[in-house]
Amino acid sequence: RNYYGGNWASFSFSGLLSWIKENQQKTDINDECEDWRKLILENEEVISLSKKDKTIQHVEDFCFGDQDSAEDVEEAGALPKLPVFGASSAEGVAQESEKECPPMESALPEAESREPEKATGSEPASAMEGNDMEITSENESSQSVAFGESALELGRTEAAPSEISAQEPKKVTYSQIVREGRRFNIDLVSKLLYSRGLLIDLLIKSNVSRYAEFKNATRILAFREGKVEQVPCSRADVFNSRQLAMVEKRMLMKFLTFCLDYEQHPDEYQDYENSTFAQFLRTQKLTPSLQHFILHSIAMVSETDCSTLEGLQATKKFLQCLGRYGNTPFLFPLYGQGEIPQCFCRLCAVFGGIYCLRHSVQCLVVDKESGRCKAIVDHFGQRISANYFIVEDSYLSESICTNVCYRQISRAVLITDQTVLKTDSEQQVSVLTVPPVDLGKPAVCVIELCSSTMTCMKDTYLVHLTCPSTKTAREDLEPVVQKLFNLNTEKETENEELEKPRVLWAVYFNMRDSSGVDKNSYDGLPSNVYVCSGPDSALGNDCAVKQAETIFHEMFPTEEFCPPPPNPEDIIYDEDEIAPEESGFSNSPETKSEPSTEESSSGGSTAFKKEDNE
């Protein structure tokens with residue numbers, strides 16, 4: 001590929017159009033070196049790798065916005081005008097994609113010189129100061145904390161009330177979207193970071209967090225009886241809520257308090273361990289609206305498939321994450337989820353890791369006697385030897401995956417002109433779960449991002465929809481899109497439709513979910529070849545972190561996974577004094593002391609203070 005992150009990547013608008021075109025054409029990779037088989041010895045055999053990426057299917061994109069001419073737009077070159085409800089908008093942008101790619105020899109992805117729009121009161125301070133976030137240890141105030149003890153506080157500013165909220169949304173045309181295409185950072189996979197999840201802990205421990213900055217998810221929403229409502233999460237939210245009666249507030253607080261330490265009260269739930277969480281909620285003297293909020297917006301679990309214990313665990317996880325960085329459990333990385341893999345790339349490259357873009361691999365070379373993989377051969381006919389090989393599932397050929405059964409994820413990305421729930425502030429990051437119409441079908445997770453997340457242009461919103469697939473992505477998700485948004489391109493629309501946000505552009509696609517595949521399912525894979533999956537359908541990132549740590553410890557059982565890097569002032573760059581056998585790299589820096597618990601650097605950069613138990 002010519003970009004970092006695989007199916008975890010983020011694209012500008014023109015970059016996404018190139019990706020759409022590439023996945024609709026599905027062309028094979030041509031062999032640039034036909035005589036690479038001469039490098040294979042008599043006692044060796046090869047495992048050929050896949051020539052095409054089959055993880056993305058059923059890609060359909062549509063333009064619903066005004067079709068003014070986009071021919072002279074600089075950002076994406078001569079783009080054709082999209083037909084309404086037509087086919088791909090991804091023609092004529094390949095050159096732009098190539099232009100955006102870093103060179104193949106690049107050791108690490110450089111942080112792009114992004115110029116955010118002029119700072120407003122609604123944008124986080126970190127977005128104005130640079131590519132760093134500030135984490136300090138503070139006692140949580142009674143208002144910002146619903147449940148939990150001491151926490152790390154992320155430098156952020158609350159969204160200020162908008163001065164133009166009363167005005168009608170500005171009309172955004174397709175050519176404006178193309179012209180401002182670099183303002184978009186569109187994720188292929190839509191996820192959030194739980195504030196006490198494994199990924200946040202790993203980012204802090206490994207100091208990778210210095211390369212990223214984050215924005216709080218500002219509200220949790222629910223879709224009930226055809227309307228979008230805000231869900232009270234924290235203690236303050238519950239008692240300030242106007243949609244709940246006083247009796248309901250007491251019911252909700254009593255139940256949430258129980259969920260925080262439900263393990264201490266087994267008599268309360270042990271009779272329902274074989275029941276679903278939805279059935280358990282009906283026994284807890286909760287009103288139907290409270291049951292809906294807890295099931296779909298707090299626990300975020302299935303009504304039919306989730307057991308009582310799983311529901312209680314999910315609710316407790318949600319509550320424990322409240323208050324660490326804000327009034328919701330979630331963080332979102334500025335510039336998109338695709339920043340996270342690039343952050344790890346940057347740290348790895350500092351200590352000797354090398355990344356090669358546009359550099360495909362022909363095959364794995366296996367020793368017939370030992371059965372272990374010895375090398376790979378790339379498309380230049382170069383043989384590269386190693387002791388361990390990590391391969392993403394999509395690179396494996398069909399002959400290896402004959403016994404593998406994959407799940408699929410349905411994805412949709414929308415560019416809209418308004419938020420799904422208007423408030424005083426336009427700068428909201430919203431999480432909404434839309435329950436299924438039919439029992440047994442999956443719920444749809446909706447994440448709506450505002451322009452201060454640096455993922456879309458001003459006066460637009462970027463909306464991600466995700467659910468486990470039952471059909472094609474469009475068949476799974478379009479009914480939800482029609483409930484929440486106005487797809488009508490004609491001027492005459494009903495009043496009900498006018499109140500909904502208008503979709504300007506949309507893309508649907510199915511993505512392979514290989515997260516549940518056991519390594520033993522792959523036929524004939526050498527023991528020193530490790531397979532990692534693409535993204536899973538969950539909202540968080542725990543699956544990827546667990547998988548990475550498991551693979552690492554299988555290779556290096558005695559080593560620490562992602563240890564804290566040394567302080568810059570502790571690194572000695574005198575190569576003559578470095579012992580290769582100590583560091584594992586011939587050019588790795590030597591450290592003169594252990595990293596301190598508290599680290600800080602000048603300017604607008606990171607200051608870390610770990611919690612007592614860390």
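The values are calculated or read from the model by the stated rules, or taken from the named source; none is laboratory data. Treat the numbers as computed from the prediction; the structure is a model and nothing was measured. Glycine also receives a Cβ, built like all others from the backbone with ideal geometry; neighbour counts cover every protein chain displayed. All accessible areas refer to the heavy atoms of the entire protein, side chains included, with ligands and DNA or RNA removed. Shrake-Rupley method; radii C 1.70, N 1.55, O 1.52, S 1.80 Å.
Look at ASP378 and say whether it is over 16 Å from PRO526 (Cβ atoms), more than 24 Å from the chain's Cα centre (by Cα), open to solvent by less than 50 Å² (accessible area, probe 1.4 Å) and not basic (Lys, Arg).
yes
Looking at the range 2-22, I want the residues that are touching a residue at least 12 places away in the same chain (Cβ under 8 Å) and charged (D, E, K, R) and have a partner that is outside any helix (DSSP H, G or I) and surrounded by fewer than 21 Cβ atoms within 10 Å (Cβ to Cβ) with Cβ atoms under 7 Å, at least 6 apart or on another chain. Which pairs are those?
Taking only residues 6 or more apart or on different chains, the pairs are LYS21/SER88; LYS21/GLU91.
What is the residue count in the range 382-405 for residues that are open to solvent by less than 50 Å² (accessible area, probe 1.4 Å) and in a strand (DSSP E or B)?
Residues flagged as open to solvent by less than 50 Å² (accessible area, probe 1.4 Å) and in a strand (DSSP E or B) within the range 382-405 amount to 4.
Determine which member of the set SER165, SER150, SER144 is buried (at least 16 other Cβ atoms within 10 Å of the Cβ) and at pLDDT below 50.
Values: SER165 fails: buried (at least 16 other Cβ atoms within 10 Å of the Cβ); SER150 fails: buried (at least 16 other Cβ atoms within 10 Å of the Cβ).
Only one candidate qualifies: SER144.
What number goes with the only condition from (1) in a loop (DSSP other than H, G, I, E, B); (2) open to solvent by less than 30 Å² (accessible area, probe 1.4 Å); (3) among the basic types (Lys, Arg) that LYS249 does not pass?
Only one criterion is unmet by LYS249, namely (1).
Only residues that are in contact with a Phe, Trp or Tyr (Cβ under 7 Å, 6 or more places away or on another chain) and either farther than 18 Å from CYS233 by Cβ or of a type in the set (Asp, Glu) (or both): list them for the range 284-293, please.
Result: GLN284, single match.
Can you find even one residue in the range 222-234 that is of a type outside the set (A, V, I, L, M), crowded, with 22+ Cβ neighbours inside 10 Å and modelled with pLDDT under 90?
Taking every residue of the range 222-234 in turn, at least one turns out to be of a type outside the set (A, V, I, L, M), crowded, with 22+ Cβ neighbours inside 10 Å and modelled with pLDDT under 90.
Assess whether CYS348 counts as being in a helix (DSSP H, G or I), open to solvent by less than 10 Å² (accessible area, probe 1.4 Å), of a type outside the set (D, E, K, R) and under 25 Å from PHE11 (Cβ atoms). Can you show your working first?
On the way: in a helix (DSSP H, G or I): yes; open to solvent by less than 10 Å² (accessible area, probe 1.4 Å): no; of a type outside the set (D, E, K, R): yes; under 25 Å from PHE11 (Cβ atoms): yes.
No: the conditions fail for CYS348.
Scan the range 503-517 and tell me whether some residue there is open to solvent by 30 Å² or more (accessible area, probe 1.4 Å), in a strand (DSSP E or B) and at pLDDT 90 or above.
Among the residues of the range 503-517, at least one is open to solvent by 30 Å² or more (accessible area, probe 1.4 Å), in a strand (DSSP E or B) and at pLDDT 90 or above, which makes the answer yes.
Considering GLY524, GLY534, which residue is on the phi > 0 side of the Ramachandran plot, in a loop (DSSP other than H, G, I, E, B) and among the small types (Gly, Ala, Ser)?
GLY524
Just to be sure I understand the filter: pairs with C-beta atoms under 6 Å, separated by 6 or more residues or on different chains, first member in the range 550-579 and farther than 18 Å from LYS205 by Cβ, second member modelled with pLDDT of 90 or more and assigned to a loop (DSSP other than H, G, I, E, B). Which pairs pass?
Hits for this filter: MET555/TYR388.
Mind checking which residues of the range 421-464 are hydroxyl-bearing (Ser, Thr, Tyr) and farther than 26 Å from ARG407 by Cα?
THR423, SER425, SER430, SER451, SER452, THR453, THR455, THR460, TYR461, listed by residue number.
Name the residues in the range 197-211 that are surrounded by fewer than 24 Cβ atoms within 10 Å (Cβ to Cβ) and within 27 Å of VAL420 (Cβ to Cβ), would you?
GLY197, LEU199
Can you tell me how many residues within the range 262-273 are modelled with pLDDT of 90 or more, open to solvent by 60 Å² or more (accessible area, probe 1.4 Å) and under 33 Å from the mean Cα position of the chain (by Cα)?
Total satisfying the criteria: 1.
Checking LYS285 against (1) open to solvent by 40 Å² or more (accessible area, probe 1.4 Å); (2) within 25 Å of SER430 (Cα to Cα); (3) not in a helix (DSSP H, G or I): exactly one of these is not met. Which one?
(2)
Of the residues that sit in the range 360-381 and are modelled with pLDDT of 90 or more and not in a strand (DSSP E or B), which one is nearest to PRO563 (Cα to Cα)?
Filtering first and then ranking leaves ARG372.
With under 21 Å from the mean Cα position of the chain (by Cα) and not basic (Lys, Arg) as the only criterion, which of THR423, THR416 stands out?
Only one candidate qualifies: THR416.
Give the residue, chosen from GLY6, GLY15, that is at pLDDT 90 or above, within 23 Å of the chain's Cα centre (by Cα) and open to solvent by less than 10 Å² (accessible area, probe 1.4 Å).
Criteria check complete, one pass: GLY15.
Please go through the range 406-460 and give me each residue that is free of Cβ contacts under 8 Å to residues at least 60 places away in the same chain, in contact with a helix residue (DSSP H, G or I) (Cβ under 8 Å, 6 or more places away or on another chain) and open to solvent by 10 Å² or more (accessible area, probe 1.4 Å), ordered by number.
Passing the criteria: only VAL437.
What residue, among those in the range 296-322 that are among the small types (Gly, Ala, Ser) and out of contact with any strand residue (DSSP E or B) (no Cβ under 6 Å at 6 or more places or on another chain), is surrounded by the fewest Cβ atoms within 10 Å (Cβ to Cβ)?
SER307
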